[in-house]
1. Mind running the shape call on the range 116-226? Use the C-alpha gyration tensor, a ≥ b ≥ c as the square roots of the eigenvalues: rounded below 1.5 for a/c, prolate if a/b tops b/c, oblate otherwise.
2. Under the rule of -39500 (n - 2.57) per DSSP H run of 4 or more residues, summed and divided by the residues of the chain, what mean residue ellipticity at 222 nm is obtained, to the nearest 500 deg cm²/dmol?
3. Using 0.36 nm per residue, how much length does the chain from Trp289 to Ser344 gain when fully extended, once their Cα-Cα distance is taken away?
4. P(r) for the chain: what percent of alpha-carbon pairs falls in each 20 Å bin, starting at zero?
5. Using a simple spin-label model with points 7 Å from Cα along the Cα→Cβ vector, what separation in nm is obtained for Arg95 and Met316?
6. Would you mind putting 269-275, 326-332 in packing order, based on average other-beta-carbon counts within 10 Å, highest first?
7. Compute the distance from the alpha-carbon center of the range 26-96 to that of the range 246-280, in whole Å.
8. At q = 0.18 Å⁻¹, what is the log10 ratio I(q)/I(0) for the range 1-120, with the Debye formula run over Cα points and no solvent?
Amino acid sequence: MEQRIKSWRTIFGRDRILTCLALGVLLSFLWYAENHFSEYSIRILNNIAIFIILAVSYNLINGITGQFSLEPNAFLAIGAYTSALLSLSPEEKLRSFIIEPMVWPLSEISVSFPVSLLAAGLVTAFMAFLMAIPVFRVRGDYLAIVTLGFGEVIHVVANNVVSITNGPLGLKGLPPYTNLWWSWGICLFTLFCIVRLVNSSYGRSMKAVREDETAAQAMGINAFRIKTLAFTFSGFFEGVAGGLLAHLITTISPSLFTFMFTFNLLIIIVIGGLGSTTGSVIAAVLVTWSGEFLRVFEEPITVIGFHYKGIPGMRMVIFSMLLILVMLLAPGGIMKRREFTWQSLIERGRKFLRKLREG
C-alpha cells in the first residue's frame, strides 16, 4: 500500500494531489452553500470571491511590480458598465434611458453573460494599455496622483455621458447572473493566471523592477514594457470583477465607483502583505467577512440580562481598531511577502505534532 502511494506521488506529484483535494473540498462546500445557505450568506460568499479577484489583481501592480497606483475604481467602473450595457436587452435599455435615448448600436446589442464578461475584461485591458503609455512616464507619488485623477475622470464621464451610461440614474434591472459558480470559478481562474505569471520570467522581472528599477534596466529588463504588462493584466481581471459585481447587485451608478473602493482594496493588500498573493486572498476573506459580521454591534441585542441598544456606525469603529491592531502586530502584513506552499503547511503540522508529543 505504501509503495502504491509513493508511486502516485511520483506520477502526479504530492502538491498536485493536495491541490486537487482542496479544490474538491471547495467545490463541495460551494454546492452545499448553494443548496442550504441563506440568500444573505450566499451574497457574502459572492462578495468574497469578487474581492479576491480585485485584491490579487491590484496586488500584481502595487505589490509585485511595486507601482503605487490608485486606479481600481476606474477599471471596476469600466468593466461594470461594459458588461451591463452589453447584457441588457434592447427593451430594458429603452425603459431605462428616460433622459436621453441610448446611442446606436449599443441600444440594439444584447449578448450572453459570458461574452459580456469577456468584453468587460478586454475593454478594461485596452483602456489600461492606453493609460499606461502616459502614466508610466512618472513614478512614486506622481504615479499615484495621475491614476487617482484617471479614476475621477471616469466618474465624471459616467455622470455626464447620459446617452451611454444613463448619467446619475445609472443602470437598473440588470439580470442577476452572478452566482457562486461564476464568481468562484473566475476567482480560481484569476488565481491560477496570477500565480503562473508571478512565477514566470515576467514575474521575476516585475519583482526586479519593484526592488530597483534602475538596476533592472541596467540588466536588460525593459521596465516600461513590464509595468505596462502588469497594468494591462491587472486591468483585465478588474474589469471582469466589475462585470460580476454589476450582475450581483443588479444596479450600478457612478456613485458606486468612488475612491473609497480603491481605498478598501489598498487596505486589503497592505493587511495581507504587499507582494504576497496568498496574503491578498486571506485579507480579502477576512475584511469582507468581518465587515458583515460586525453589523451585529449596530443592532439591539440582549446578553445575560444586559440590553445593548446598538450604535449606528459602531462596526466601522471596531473594524478600524482591529486594523490598527493587525498593523501593530504584523507591520509587514499577515504574510509579508511569503506565499502558501503545501510543504510549509506539512512542516508546520509536523512541528505542532512534535510539540504535542513532547508536552
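Rule-based calculations on the coordinates, nothing more; no lab input. Worth saying up front: this structure is predicted, and the values here are computed from it rather than measured. Quick reminder, even Gly has a Cβ in these numbers, built from the backbone with ideal geometry, and neighbours come from all protein chains shown.
1. Details: a/c = 3.23, a/b = 1.43, b/c = 2.26.
Note, shape of the range 116-226 comes out oblate.
2. Values: 16 runs with 253 residues, N = 359.
-23500 deg cm²/dmol, from helical runs alone.
3. Numbers: separation 55, 0.36 × 55 = 19.80 nm, distance 2.60 nm.
The Trp289-Ser344 span can extend by a further 17.2 nm.
4. Values per bin, smallest distances first: 26, 54, 19, 1.
5. 3.4
6. Details: 269-275: 24.6, 326-332: 12.0.
Highest to lowest by the protection proxy: 269-275, 326-332.
7. Using only Cα atoms to place each centre, the spacing works out to 9 Å.
8. At q = 0.18 Å⁻¹ the computed log10 ratios are -1.10.
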